[in-house]
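These notes are about the structure you will find just below.
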Ligand code: SF4
């Protein structure tokens, strides 16, 4: 893309032009100093849509199990049941984690686990109830479309019935995880056992139609191209046009250590800083119906997180008292993000920090 063309395109976007997939693809490919122009335009849109407040949620992860039926090729966390490191929390361990979360004054408990091959809808209902018995009022943020699909198959009921039952059992918000790259040719390589793009979108829309809010995610930087990433954003934008059920986009760069994709020579050693920064910025410019772009500090580290806030990001995600998923794949700084440090990072770029709940209502 020529300099002049880029300037015209960014001016058009700032004036309300809805980007095409081809435009997003070409912006993500830029390799020189013009990336700062894209970041500056994204920062301007961030200012208009999300203001000067940097948000975070006080949350705790509970990794109920690392046993997973999918064993995705990009993941270092999921294990087969026979693995010597495989584990499954029992009822008392889950309750103990929930009590600890309550003591820490979290407003959200995030269950990030493997898709256990034996879990049916009742397994999820039980976990939700055990947590709410110990931490009433907390938003339990869990279950990807893939987990909903698996629970439906295991219980011989529809995905809608699973959603209705877990809502009744106390599910707060749905995880828009398992999206990875919503392009089936890429999914066949990185996560062949997961639901297809169409099924992921169908379940998310079904959840939104029942009143559930969800996050949306992308895991980029493995075997995917810029075009794949742009198409993924397009799927999300279309769903959001229809349901307005996404609370935010959470861009998740691929972390390569201990993953089969990297060990087999299929993927590079993770996304680069340029790729990360341009992805944050282009997603802000492309997703004109999203208010929030989260910078995942557990994946990119604290210093880079601050730069992400200057390239379209407005949210720091959670305090995350435990995050084994990132540490297993070599993520840095992925234990706990102290709100005092978040405040320093936000104020250092002239913004203010505010606590939010899972649905982005400010609470402090
Ligand atoms: S990404 Fe999720 S579904 Fe895939 S192997 Fe890891 S834990 Fe399992």
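The values are calculated or read from the model by the stated rules, or taken from the named source; none is laboratory data. Since we're looking at a predicted model, the values are computed, not measured. Neighbour counts are summed over all protein chains in view; Cβ atoms, including those assigned to glycine, are modelled from backbone coordinates with ideal geometry.
Just one of the numbered conditions (1) touching a strand residue (DSSP E or B) at 6+ places or on another chain (Cβ under 7 Å); (2) more than 16 Å from the ligand (Cβ to nearest atom); (3) without any contact (Cβ under 8 Å) to a residue 40 or more places away in the chain is not true of residue 6; which one?
Single failed check for residue 6: (1).
Given the conditions (1) surrounded by fewer than 21 Cβ atoms within 10 Å (Cβ to Cβ); (2) modelled with pLDDT of 95 or more; (3) assigned to a loop (DSSP other than H, G, I, E, B); (4) in contact with a helix residue (DSSP H, G or I) (Cβ under 6 Å, 6 or more places away or on another chain), and given that residue 353 satisfies all but one, which numbered condition is not satisfied?
Single failed check for residue 353: (3).
Might you let me know whether the range 149-157 holds any residue that is buried (at least 23 other Cβ atoms within 10 Å of the Cβ) and under 21 Å from residue 213 (Cα atoms)?
Here is the first cut: in the range 149-157, the ones buried (at least 23 other Cβ atoms within 10 Å of the Cβ) are 150-151.
With under 21 Å from residue 213 (Cα atoms) added as a condition, the list becomes 150-151.
So far as the range 149-157 goes, yes, one or more of its residues are buried (at least 23 other Cβ atoms within 10 Å of the Cβ) and under 21 Å from residue 213 (Cα atoms).
Exactly one of these conditions fails for residue 148: (1) touching a residue at least 40 places away in the same chain (Cβ under 8 Å); (2) touching a strand residue (DSSP E or B) at 6+ places or on another chain (Cβ under 7 Å); (3) under 24 Å from residue 90 (Cβ atoms); (4) within 16 Å of the ligand (Cβ to nearest atom). Give me its number.
Condition (2) is where residue 148 drops out.
Please tell me if residue 100 is at pLDDT below 95, within 16 Å of the ligand (Cβ to nearest atom) and touching a strand residue (DSSP E or B) at 6+ places or on another chain (Cβ under 8 Å). Outline the logic, then answer.
Details: at pLDDT below 95: yes; within 16 Å of the ligand (Cβ to nearest atom): no; touching a strand residue (DSSP E or B) at 6+ places or on another chain (Cβ under 8 Å): yes.
Answer is no for this residue.
If you scan the range 87-130, which residues turn out to be part of a strand (DSSP E or B), more than 18 Å from residue 165 (Cβ to Cβ) and either touching a helix residue (DSSP H, G or I) at 6+ places or on another chain (Cβ under 6 Å) or in contact (Cβ under 8 Å) with a residue 40 or more places away in the chain (or both)? Steps first, answer last, please.
First, the residues of the range 87-130 that are part of a strand (DSSP E or B): 88, 108-111.
Filter again for more than 18 Å from residue 165 (Cβ to Cβ), leaving 88, 108-110.
The answer is 108, 109, 110.
Among the residues that make up the range 227-236, is at least one of them within 16 Å of the ligand (Cβ to nearest atom), at pLDDT 95 or above, touching a helix residue (DSSP H, G or I) at 6+ places or on another chain (Cβ under 7 Å) and assigned to a helix (DSSP H, G or I)?
No, there is no match, as no residue in the range 227-236 is within 16 Å of the ligand (Cβ to nearest atom), at pLDDT 95 or above, touching a helix residue (DSSP H, G or I) at 6+ places or on another chain (Cβ under 7 Å) and assigned to a helix (DSSP H, G or I).
Restricting to the range 40-86, and then to whatever is within 13 Å of the ligand (Cβ to nearest atom) and part of a strand (DSSP E or B), can you tell me which residue is surrounded by the fewest Cβ atoms within 10 Å (Cβ to Cβ)?
So, considering only residues that are within 13 Å of the ligand (Cβ to nearest atom) and part of a strand (DSSP E or B), the one surrounded by the fewest Cβ atoms within 10 Å (Cβ to Cβ) is 79.
Taking the criterion of being in a loop (DSSP other than H, G, I, E, B) and out of contact with any helix residue (DSSP H, G or I) (no Cβ under 6 Å at 6 or more places or on another chain), would at least one residue in the range 159-174 satisfy it? Please lay out each step first, then the result.
Applying the first criterion (in a loop (DSSP other than H, G, I, E, B)) to the range 159-174 yields 170.
Checking which are out of contact with any helix residue (DSSP H, G or I) (no Cβ under 6 Å at 6 or more places or on another chain) leaves us with none.
Scanning the range 159-174 turns up no residue that is in a loop (DSSP other than H, G, I, E, B) and out of contact with any helix residue (DSSP H, G or I) (no Cβ under 6 Å at 6 or more places or on another chain).
Which of (1) touching a residue at least 40 places away in the same chain (Cβ under 8 Å); (2) over 17 Å from the mean Cα position of the chain (by Cα); (3) within 16 Å of the ligand (Cβ to nearest atom) is the odd one out, the single condition residue 188 does not satisfy?
Against the list (1) touching a residue at least 40 places away in the same chain (Cβ under 8 Å); (2) over 17 Å from the mean Cα position of the chain (by Cα); (3) within 16 Å of the ligand (Cβ to nearest atom), residue 188 comes up short only on (1).
Among the residues that make up the range 251-265, is at least one of them under 30 Å from residue 170 (Cα atoms) and either touching a residue at least 12 places away in the same chain (Cβ under 8 Å) or in contact with a helix residue (DSSP H, G or I) (Cβ under 6 Å, 6 or more places away or on another chain) (or both)?
Applying the first criterion (under 30 Å from residue 170 (Cα atoms)) to the range 251-265 yields 251-252.
This time we only want the ones that are either touching a residue at least 12 places away in the same chain (Cβ under 8 Å) or in contact with a helix residue (DSSP H, G or I) (Cβ under 6 Å, 6 or more places away or on another chain) (or both), so: 251-252.
Scanning the range 251-265, I find at least one residue that is under 30 Å from residue 170 (Cα atoms) and either touching a residue at least 12 places away in the same chain (Cβ under 8 Å) or in contact with a helix residue (DSSP H, G or I) (Cβ under 6 Å, 6 or more places away or on another chain) (or both), so the answer is yes.
Is it fair to say residue 180 is closer than 22 Å to residue 233 by Cβ and either in contact (Cβ under 8 Å) with a residue 60 or more places away in the chain or in a helix (DSSP H, G or I) (or both)?
Values: closer than 22 Å to residue 233 by Cβ: yes; either in contact (Cβ under 8 Å) with a residue 60 or more places away in the chain or in a helix (DSSP H, G or I) (or both): yes.
So residue 180 fits the description; yes.
Mind telling me which of the residues 181, 218 ends up being within 23 Å of residue 50 (Cα to Cα) and within 14 Å of the ligand (Cβ to nearest atom)? Full working, then the answer.
Numbers: 181 fails: within 23 Å of residue 50 (Cα to Cα).
None of the other options fit; the residue is 218.
Is there a residue being at pLDDT below 95 and within 16 Å of the ligand (Cβ to nearest atom) anywhere in the range 117-124? Before the answer, list the steps.
Step one: list which residues in the range 117-124 are at pLDDT below 95, which gives none.
Looking through the range 117-124, none of the residues is at pLDDT below 95 and within 16 Å of the ligand (Cβ to nearest atom).
Yes or no: the range 195-213 includes at least one residue that is within 13 Å of the ligand (Cβ to nearest atom), at negative phi and touching a strand residue (DSSP E or B) at 6+ places or on another chain (Cβ under 9 Å). Lay out the reasoning, then the answer.
Initial filter on the range 195-213 (within 13 Å of the ligand (Cβ to nearest atom)): 195, 200.
Narrowing the set further to residues that are at negative phi leaves 195, 200.
Add one more test, that the residue is touching a strand residue (DSSP E or B) at 6+ places or on another chain (Cβ under 9 Å), and what stays is none.
No: the range 195-213 contains no residue that is within 13 Å of the ligand (Cβ to nearest atom), at negative phi and touching a strand residue (DSSP E or B) at 6+ places or on another chain (Cβ under 9 Å).
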